[in-house]
1. Residue check, residue 121 against (1) among the charged types (D, E, K, R); (2) in contact with a helix residue (DSSP H, G or I) (Cβ under 9 Å, 6 or more places away or on another chain); (3) modelled with pLDDT of 55 or more, all met but one. Which one?
2. For residue 27, which of the numbered conditions (1) surrounded by 13 or more Cβ atoms within 10 Å (Cβ to Cβ); (2) within 30 Å of residue 102 (Cβ to Cβ); (3) at pLDDT below 85 fails to hold?
3. Out of 45, 63, which single residue is surrounded by 16 or more Cβ atoms within 10 Å (Cβ to Cβ), assigned by TED's automatic domain parsing to the domain that holds residue 122, small (Gly, Ala, Ser) and at pLDDT below 90?
4. State whether one or more residues within the range 62-73 are in contact (Cβ under 8 Å) with a residue 40 or more places away in the chain, of a type in the set (Gly, Ala, Ser) and within 22 Å of residue 125 (Cα to Cα).
5. Name the single residue that is surrounded by the most Cβ atoms within 10 Å (Cβ to Cβ) among those in the range 90-131 being among the hydroxyl-bearing types (Ser, Thr, Tyr) and under 34 Å from the mean Cα position of the chain (by Cα).
Amino acid sequence: MLFFRYKYWNCCCIRTIDFNAFLDQKGCSTGVHRWVPKQDKKKVACRYDWHQTGDNVIVTIYAKNANPNFSSIEANRTVLSCQIQFENNKIFKRDFRFWGVVNVKKSSVNMVPSKVEVTLRKADKVTWGKLEDPNYKPEPEPIDDSFTETTENQENNYDIEDDDISDSDEEWAYDTKQNQKQEDKEEKDKVEMKKNEDEEIQNLKRKEVEEEMKKVSEERKRAEEEKKKLEEQRRQEEGEGYEDMPELE
């Protein structure tokens, strides 16, 4: 006896057995869903690092072909704000909250084709532990997302939720008690195998320790026997020395 599972949308309940015919059905309403939050396509992350000398802290931003006409770098004694346009349409924007204090008037910016270098003069000639204040948590940097949003009038654009579609025949056939028992048995076998491996490792370690202790005991025993032999030899030598002496009258 064969059982057929009908496919249908919860909204209109037009039932069909053919899955392709089910996908071709026109929905009651259409829409577009984006699984990731939309971000400014121009705002991207950019690699940077820093180093320091006795007087300066140098921040290097590896933004190639930066455009000075559409870039701005501002700073006060504790914050550096960068907005750099590079490679035509990319923008790097970030604020650096300093670990120490800088002298803005004696600081400078240098733009070259391969990078942007910001030289900050230290207000006090002390070694910085880090570039930024560890107590400050900056906003997460944007991801260079090349995702292109689809238009609403695109054909075959289905706004499908997991609960709107019944299980397929293959999923329904697989979800049985026998298969579930098989999965539980495989999981149990894995746990048992892992337990046996751990016990074997412990036994090997215990055996190594016992062998090491045995070697130490044997070496100690040989040392004691050698010591006894030396003492016995010394006593014999001392006894022979007394025998050679003349008797007292």
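The values are calculated or read from the model by the stated rules, or taken from the named source; none is laboratory data. Worth saying up front: this structure is predicted, and the values here are computed from it rather than measured. Here the Cβ is made from the backbone with ideal geometry for all residues, glycine too, and neighbour counts use every protein chain on show.
1. (2)
2. Only one criterion is unmet by residue 27, namely (2).
3. Sole residue among the options that is surrounded by 16 or more Cβ atoms within 10 Å (Cβ to Cβ), assigned by TED's automatic domain parsing to the domain that holds residue 122, small (Gly, Ala, Ser) and at pLDDT below 90: 63.
4. The answer is no; no qualifying residue exists.
5. It comes out as 119.
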